Amino acid sequence: MKTRCPWALGSPEETHYHDTEWGVPLHDEHTLFELLTLEGAQAGLSWQTVLKKREGYRKAFAGFSPEAVAAFTAADVDQLVGNPAIIRHRKKIESTISNARAFMETAAAHGSFVQYVWGFVDGTPINNSWTDTSQVPPHSPLAATLSKDLKKRGFTFVGPTTMYAFMQAIGMVNDHLVSCFRHNEIKHAKR
């Protein structure tokens, strides 16, 4: 039996996400926008709730195409607030749209959003060696720096805790416990 990070044992969705995505270095623009959106949507909720609505988000937000989402209107927001397939929080929906615009502007200024966000770690993931979940921090000075810079660029729902979760999700930080089978797989994966 494989040993996993304890948080991954809560549901089949969390286990699958943990085993296949979480912590894997990600360099795809649309998926970066997707995880930025989903991490912001999680604020105040469980990750399991967000994962269960992930497919609904993909449909509602044009496959997470920043270009398509940036063109959404107030009428689109009204329609999305009534969509039970997503988290129907008006501010979070509006944030997704404004973040799509800021995402495109940031990507244009840096060549890509990938280059922008990975620049915070000089393109190299931080591999931590936690032995217990109590050691995993809820945020970090680097997450605070990223959060501050994103806010300066017009992003919302990007606080330090949310940005640390984003950094974990996209593999900027490998926070799998050392006892987890994914820790060394990710640490030694080809870049």
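The values are calculated or read from the model by the stated rules, or taken from the named source; none is laboratory data. It should be emphasised that the depicted structure is a prediction, and the values quoted were computed from it without experimental measurement. Please note: Cβ atoms are built from the backbone with ideal geometry, for glycine as well, and neighbour counts cover all protein chains shown. Keep in mind that these areas ignore ligands, DNA and RNA; they rest on the heavy atoms of the full protein, side chains included. Shrake-Rupley method; radii C 1.70, N 1.55, O 1.52, S 1.80 Å.
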For the chain, modelled as a GNM with alpha-carbon contacts under 10 angstrom, which of D175, D78, D19 fluctuates the most? D78
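Out of the range 42-95, which trypsin sites (Lys or Arg not before Pro) are coil in DSSP terms and have no more than 15 other C-beta atoms within 10 Å? Can you show the working numbers first?
Details: sites: K52, K53, R54, R58, K59, R88, R90, K91, K92; in loops: K53, R88.
Passing sites in the range 42-95 are R88.
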If a/c stays under 1.5 just call it rounded; otherwise compare a/b with b/c (prolate if a/b is bigger, oblate if not). Do that for the range 81-156, with a ≥ b ≥ c from the square roots of the Cα gyration tensor eigenvalues. oblate
Each residue of the range 30-41 in order: what ³J(HN,Hα) in whole Hz does its phi give by Karplus 6.51 cos²θ - 1.76 cosθ + 1.60, θ = phi - 60°, with x for Gly and Pro? 5, 6, 4, 5, 4, 5, 4, 5, 5, 5, x, 5
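How much area per residue is accessible in the chain when the probe is 1.4 Å and only protein heavy atoms are counted (Å²)? Don't skip to the end; give the middle numbers.
On the way: 9050 Å² over 191 residues.
Value for the chain: 47 Å² per residue.
In the structure shown, do any of K152/K187; K91/K148; K59/K91 have a Cα-Cα gap over 23 Å, and if so which?
K152/K187
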So how far apart, in nm, are the two label points at K152 and S179 if each is 7 Å from Cα heading toward Cβ? 4.1 nm
Collect residues whose amide H, placed 1.01 Å from N in the peptide plane, falls under 5 Å from the amide H of N174; neighbours closer than 5 in sequence don't count. I126, N127, N128
To test your reading of the geometry: what angle, between 0 and 90 degrees and rounded to tens, separates the Cα axis of helix 141-152 from the longest principal axis of the chain? 10 degrees
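In the range 125-184, which trypsin sites (Lys or Arg not before Pro) fall in coil by DSSP and have 16 or fewer other Cβ atoms within 10 Å? Show your work: numbers first, answer last.
Details: sites: K148, K151, K152, R153, R182; in loops: R153.
Those satisfying the criteria are R153.
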Have a look at Y116, F166, N128 and report the one farthest towards the positive end of the charge dipole of the range 98-191, computed about the Cα centre with Cβ charges (Lys/Arg +1, Asp/Glu -1). Y116
Whole-Hz Karplus couplings 3J(HN,Hα) for the range 157-172, θ = phi - 60° and coefficients 6.51, -1.76, 1.60, Gly and Pro as x, run 6, 10, x, x, 5, 5, 6, 5, 4, 5, 4, 5, 4, 8, x, 5
Would you work out if the range 30-159 is rounded, prolate or oblate? Take a ≥ b ≥ c from the square roots of the eigenvalues of the alpha-carbon gyration tensor; rounded if a/c is under 1.5, else prolate when a/b is larger than b/c, oblate otherwise. oblate
Pseudo-spin-label distance S134 to D78, built 7 Å along Cα→Cβ, given in nm, is 5.3 nm
Quick one: Karplus J couplings for the range 83-91, per residue in order, coefficients 6.51, -1.76, 1.60, θ = phi - 60°, nearest Hz, x for Gly and Pro? 8, x, 7, 10, 7, 8, 10, 3, 5
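First measure r as the distance between the Cβ atoms of T3 and Q48, then evaluate 1/(1 + (r/R0)^6) with R0 = 22 Å and state the FRET efficiency to the nearest 0.05.
Working: r = 20 Å, r/R0 = 0.93.
With a Förster radius of 22 Å, E is 0.60.
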